[in-house]
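The values are calculated or read from the model by the stated rules, or taken from the named source; none is laboratory data. Everything numeric in this text was worked out from a predicted model, so none of it was measured. Cβ: placed from backbone, ideal geometry, glycine included. Neighbour counts: every protein chain shown. Note: areas computed on protein heavy atoms with side chains; ligands, DNA, RNA excluded. Shrake-Rupley method; radii C 1.70, N 1.55, O 1.52, S 1.80 Å.
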Amino acid sequence: MQLAADIYFPDAQGGADSYPVLLEYLPYRKDESRARNYSLYSYFLDQGYAVARVDIRGTGRSEGVTIPYEYSDIELDDGEVVIDWLSKLDWSTGSVGIFGISWGGFNAIQMAMRNPPALKAFIAVMATDALYQEDVHYMDGIIHTDSWMMSHDLYNSMPGAPDFILDEEWIDNRFNQKPSVYAYMRQQRDGPWWDRASAINQYDKIRIPGYHIGGWYDGYRNSLIRHLEHVEAPVKAMIGPWDHYFPHNAWPEPQVEWRHEAVRWFDQFLKGVDTGILEEPEFAVYVRNYYPPDPATPRIPGRWRFEAGWPIERIQNQNWFAQPSGSLSVVQAEAATHTLDYKPSAGLEGGGPTMWWGSVTPDQQPMDDYSLVYDSKPLTESIEILGRPVARLNVSADATRASWVVRISDVAPDGQVTQVAGAAFNGTHRNSARNPEDIVPGEVFPLDIQLHLTSWVFQPGHKIRIAISNGMWPMLWPTREVFTSTLQIGGELGAHIELPVVPPGAERTPEFKAPADSPALPGFETIDSGNITGYAAMTEIHTDPETGEAYGVATNSGATQYPWGIERFEEAIEHRTHDENPAKTSVTGRYALTQELEDRTLSFEQEVSFTSDADNFYLRFDRKLLVDGELHSENTWDEVIERDFQ
């Protein structure tokens, strides 16, 4: 069994010299990615590195059966073999670094946990080390579905480009392989299955220097500060105003040339050059200022600042208490109880168009209308926060299953509401996400909800808002029944939030370079890039007049010209729920990939239906291939999966 690799050399011949090697290890089809890779890697080539791009087993041009799910032992065992192989090639110096974004960032961290001898350093971009709580399957311990669920397994089912050989080996090894989503949906609680490749609480395993890069509009940002705090090997981190992109071509702006910092990092550990990077403060932070809520915001106002690692000693936790009147104050309130009726269909604004803790979100007021809301008075001076705020609540529900969502927002003088931070909590996980327990109806219990990593400067004249609700659909799957929840206000049990406040003081500013020009590869051209985030996006919710259901449709499409033909994709994902019967919630979607080749047209299509009732989930995949419009292959998977405290 052979894995397929493209190797990019510092000169056209591959050279007689020896080079350290950088590895990017992905399932995302290296041949179709060559334009992206050539543009991305050229910076490293100019600095004396060879770069290897390897397709994971059973994907792209690599042989073997498609991996059963992300970050399996198969993938990581193969990764160790690849690193060893790269270190022993005739032109290799023997020193290997690994880097990547998203999947490639995840497995960079995971390979570092294994400490293969030739691996000298890694860089993880937009990646997390907590697979259960922070990946795309169970956000904050609650089931999440999105575009990736619809598309990933279909891409992996295709044969390698440009030949697209449709033989029995392809049918057996790829097309007929069960979608990986089934594995995730049968692991609805935290535990050993997720621990296998999660560095969280296992930081002693990492003995390889790591550089972590995150974005304020990326859902994987929490892990940066955990590595700074807990890993003993050299660690640096950078977080900027970006969505799920490499920072040199990121949205929103401003962009930076992160590859300059990456070369300094790799030079330090792969070439033994003292670049001075270890003498600089460990953490570079883009401090965000206010902007009006708009998912198309092109640029985030703010400034860069160095911090000396994590935790930051000068940060002062400041308590803000919910008041019986609906205000928010640093003064503790008198005791009261507030109630909220759960509205399952509320919450689109909290997750934004692409529905995760990262998107640039719209105005929060429509979701706040179905939340308990507490506003401060207009501030008389600015307040900067940096870190993970903690909401300390005492709550109850008159149902056995309930979730809570807490969001912090900035209310501008004109009334616009911009989300600053948020998090959700599955109430059945209040004692343990590994051993969930039903809620006792009517019983008051404490919840400490750690919000996701944030930075923000609240300006004078603005208000701090805390909003508390019981769901955030369609990002998070609704609980199975309607209920009323309570929130204790004032007294010893009173709801309050701890804000990590940064006092004014002297600052040191990192000097990042502007993005370098990146070369283009002839024969590859983007015809239609689709949505700015790269994922299906939803902007509004409707009501079905016949069923009373709330529904929304997320869509995306695009096209790319390759030397061998044109690839087109299109997706449409419909989310539905019912405010009177949230057990009846569904996601149905269609994803189509069309290859327009010289001699034929191949259409790979997948329809997915994920529905629920009070007791079970029902997951069905219908996959088919059409050749010139005629059915060539098809397969169906259809399973019932018991709800496990979801």
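Overview of results
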quantity	calculated
Listed residue pairs exceeding 22 Å between alpha carbons, taken from Lys343/Lys584; Lys30/Lys271; Lys236/Lys271; Lys88/Lys271; Lys205/Lys236; Lys178/Lys584	Lys30/Lys271; Lys178/Lys584
Tensor-based shape of region 173-212 (alpha-carbon gyration tensor, a/c under 1.5 rounded, otherwise prolate or oblate)	oblate
Probe 1.4 Å, accessible area per residue of region 25-80, Å²	29 Å²
Highest average packing first - 126-137, 467-478, 489-500, Cβ atoms within 10 Å	467-478, 126-137, 489-500
Sulfur and carbon atoms: percent of accessible area, region 441-574 [1.4 Å]	49 percent
Residue-averaged [θ]222 nm for the chain, counting only DSSP H segments that reach four residues, each worth -39500 (n - 2.57)	-3500 deg cm²/dmol
Eligible aspartates and glutamates near Lys624 by straight Cα distance, threshold 16 Å, same-chain separation 8 or greater	Asp153, Asp167, Glu168, Asp172, Glu570, Glu571, Glu605, Glu607, Glu634, Asp638
Karplus-derived 3J(HN,Hα), 6.51/-1.76/1.60, for each residue of region 517-531, Hz, glycine and proline x	5, 10, x, 9, 9, x, x, 10, 8, 7, 7, 8, 7, x, 4
Normalised contact order of the chain, rounded percent, pairs of Cα under 8 Å and 6 or more residues apart	12 percent
Cut-off under 5 Å, modelled amide H: who pairs with Val390 long-range	Leu451, Glu498
Extreme residue, positive dipole direction of region 425-542, given options Thr509, Gly490, Pro478 (C-beta unit charges)	Gly490
In degrees, nearest ten, helix 147-157 long axis to first principal axis of the chain (Cα)	20 degrees
Summed residue charge, Cβ within 15 Å of Glu630's Cβ, Lys/Arg positive, Asp/Glu negative	-2
Karplus-derived 3J(HN,Hα), 6.51/-1.76/1.60, for each residue of region 583-588, Hz, glycine and proline x	4, 8, 10, 8, 10, 10
Reachable lysines, given that their alpha-carbon falls under 18 Å from the alpha-carbon of Lys377 and they are not under 8 places away in the same chain	Lys463
Packing rank of 607-613, 187-193, where each peptide gets the mean count of other beta carbons within 10 Å, highest leading	607-613, 187-193
Point-charge dipole on Cβ atoms (K/R +1, D/E -1) for region 441-587, about Cα centre, debye to 20	440 debye
Global form of region 326-409, assessed from the alpha-carbon gyration tensor, a/c cut-off 1.5	oblate
Portion, in percent, of the accessible area of region 249-322 that falls on carbon or sulfur, probe 1.4 Å	47 percent
Centroid-to-centroid separation of region 239-313 and region 57-79 [C-alpha atoms, Å]	31 Å
Whether region 415-563 is rounded, prolate or oblate, judged on the alpha carbon gyration tensor where a/c under 1.5 counts as rounded	oblate
Region 269-354: chymotrypsin sites (Phe, Trp or Tyr not before Pro) in DSSP loop, at most 14 other beta carbons within 10 Å	none
Cα-centred dipole magnitude for region 393-445, charges only on beta-carbon of K, R (+1) and D, E (-1), debye, nearest 20	200 debye
Solvent-accessible heavy-atom area per residue, rounded to whole Å², over region 469-524 at 1.4 Å	45 Å²
Summed side-chain charge close to Gln2 - residues other than Gln2 whose Cβ falls under 12 Å, Lys, Arg +1, Asp, Glu -1	-1
Computed magnitude of the charge dipole of region 15-112 (debye, nearest 20; Cβ of K, R +1, Cβ of D, E -1)	320 debye
On Cα atoms only, tilt of 34-46 relative to the major axis of the chain in degrees	80 degrees
Order by protection proxy (mean Cβ within 10 Å, highest first), peptides 439-448, 252-261	252-261, 439-448
Local electrostatic count at Ala583 - Lys and Arg +1, Asp and Glu -1, tallied over other residues with Cβ under 13 Å	-1
